[in-house]
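Report on the following structure.
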Amino acid sequence: SPLARKLCAMPKAELHMHIEGSLEPELIFALAERNGVTLPYPSVDALRDAYAFTDLQSFLDIYYAGASVLLTEQDFYDMTWAYVERAVADHIVHTEIFFDPQTHIARGVPVEVVVNGISRALDDAEARHGLSSRMILCFLRHLSEEDAFATLASAEACFKTVPRLIGVGLDSSEQGNPPEKFARVFARCEALGLRRVAHAGEEGPAQNIRDALDLLHAERIDHGVTAIEDQALLQRLAAEKIALTVCPLSNVKLKVFDDMTAHSLPMLLDAGVAVTLNSDDPAYFGGYLNTNYLAVFEALPLGEETGYLLARNSLEAAFATDEEKARWV
Ligand code: ES4
Ligand code: ZN
């Protein structure tokens, strides 16, 4: 349809995409073979058949198993380059990539190997495709505060030497691991001059969104879809222009909503919140960014002007320089 074509062709930014979640089953098996890693699945099809999630934790278990094939800098380069080609095809002009160093450090992979492999692919993306980007190191919230501090210490040289590595995030299991657990880690990150985001209000209550703002000084909220439980919070998000990086296909696959027609996106938009659309873990949740746009506009009564609003929100909420932003208008 004409609307679908416009949605696909709009220039947009992606602000919530876990690079380990872009590993397609075929690449997981190719890297397992290259590295002599044995997977707990006999075939690509058997792995894909395991992608029947009941909640966030059932996904995370398979996501960490998939990431276990990543060992060398070239592995991280190849994974990132595959995503870059999908991003360019979806008319993404700027992307901010999350990565989970703790899941790699635990397997003996130094954080420098992870950062350099991803960063080198993003350098090539900028040179060959004009795709600008940033990297955001995410702490795994199911691990301890002490582990997060140790990870930050091991990455401090990377933050100084890799210009596109600009911030930190907080991901993994929200239930039982509230923002307050990482208040001191985030205070240290702020003192280091790092940008801050956090997953909050994905499966957890609206209070986690408040706490991510007040205790972590998060500048954007990843997901935030449960904000609709709290009218005062919605007003605050709108007034303070706190962007939400919403991931529609993720939310349906992880059963945050029964189906796309039940998504809280229209209520967030009605409240004037700066919503953006994102793919989260595109290899696991059924598609890349344009597939998310199309699924939303298929299911919900939203028009072309809302499409442009969502894309503009993503460009405005990016941690890009004014010079970069000027190229997009
Ligand atoms: C994630 Cl969907 C989601 N939620 C929380 N943590 C994550 N890590 C990767 N994908
Ligand atoms: Zn996420």
Q: Report, by residue number, each residue of the stretch 1-53 that is away from ligand 2 (no atom under 16 Å from the Cβ) and in contact with a Pro (Cβ under 6 Å, 6 or more places away or on another chain).
A: VAL44, LEU47, ARG48
Q: For the stretch 297-304, state whether one or more residues are within 15 Å of ligand 2 (Cβ to nearest atom) and farther than 30 Å from ALA65 by Cβ.
A: no
Q: Determine whether the stretch 247-266 contains at least one residue that is touching a Lys or Arg at 6+ places or on another chain (Cβ under 7 Å) and crowded, with 18+ Cβ neighbours inside 10 Å.
A: no
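So, ILE166, is that one β-branched (Val, Ile, Thr), away from ligand 2 (no atom under 15 Å from the Cβ), more than 21 Å from PHE59 (Cβ to Cβ) and out of contact with any Ser or Thr (no Cβ under 8 Å at 6 or more places or on another chain) or not?
Details: β-branched (Val, Ile, Thr): yes; away from ligand 2 (no atom under 15 Å from the Cβ): yes; more than 21 Å from PHE59 (Cβ to Cβ): yes; out of contact with any Ser or Thr (no Cβ under 8 Å at 6 or more places or on another chain): yes.
Criteria met by ILE166.
Considering only the stretch 228-249, how many residues are within 16 Å of ligand 2 (Cβ to nearest atom) and over 18 Å from GLU298 (Cβ atoms)?
Residues of the stretch 228-249 that are within 16 Å of ligand 2 (Cβ to nearest atom), as a first pass: 243-249.
Now restrict to residues that are over 18 Å from GLU298 (Cβ atoms): 243-245.
Looking only at that region, the number is 3.
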Q. Does any residue in the stretch 155-176 that is more than 20 Å from VAL109 (Cα to Cα) come within less than 8 Å, Cβ to Cβ, of a residue that is assigned to a loop (DSSP other than H, G, I, E, B) and away from ligand 2 (no atom under 16 Å from the Cβ) six or more places away or on a different chain, and which pairs are these?
A. ILE166/LEU194; ILE166/PHE319; GLY167/LEU194; GLY167/PHE319
Q: Can you give me the number of residues within the stretch 53-88 that are out of contact with any helix residue (DSSP H, G or I) (no Cβ under 8 Å at 6 or more places or on another chain) and either surrounded by fewer than 18 Cβ atoms within 10 Å (Cβ to Cβ) or farther than 26 Å from ILE166 by Cα (or both)?
A: 8
Q. So which residues in the stretch 213-232 are crowded, with 24+ Cβ neighbours inside 10 Å and among the charged types (D, E, K, R), if there are any at all?
A. ARG220, ASP222
Q | Residue satisfying condition, being surrounded by fewer than 16 Cβ atoms within 10 Å (Cβ to Cβ), modelled with pLDDT of 95 or more and under 17 Å from ARG196 (Cα atoms), within set GLU146, GLU156, GLU126 | A | GLU156
**Q.** Scope the stretch 81-136; condition of a type in the set (S, T, N, Q) and either in a helix (DSSP H, G or I) or free of Cβ contacts under 8 Å to residues at least 12 places away in the same chain (or both); matching residues
**A.** GLN102, THR103, ASN116, SER119
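List the helices (runs of 4 or more DSSP H) inside the stretch 267-329, counting only whole elements, that have at least 1 residues being within 16 Å of ligand 1 (Cβ to nearest atom).
Values: elements: 282-285, 289-299, 304-316, 322-326.
Passing ranges, in order: 282-285, 289-299.
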Q. Which number in (1) within 16 Å of ligand 1 (Cβ to nearest atom); (2) more than 20 Å from THR95 (Cα to Cα); (3) in contact (Cβ under 8 Å) with a residue 24 or more places away in the chain; (4) outside any helix (DSSP H, G or I) marks the one condition that ALA52 misses?
A. (3)
Q.
If the requirement is being within 15 Å of ligand 2 (Cβ to nearest atom), more than 26 Å from ALA52 (Cβ to Cβ) and either of a type in the set (A, V, I, L, M) or outside any helix (DSSP H, G or I) (or both), which of these qualifies: VAL256, VAL197, VAL252?
A. VAL197
Q) When you scan the stretch 169-194, how many residues do you find that are away from ligand 2 (no atom under 16 Å from the Cβ), closer than 27 Å to LYS253 by Cβ and surrounded by 18 or more Cβ atoms within 10 Å (Cβ to Cβ)? A) 2
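The values are calculated or read from the model by the stated rules, or taken from the named source; none is laboratory data. All figures in this text were calculated on a predicted structure; none of them were measured in a lab. Counting neighbours? That spans all protein chains shown, and the Cβs are built from the backbone with ideal geometry, glycine included.
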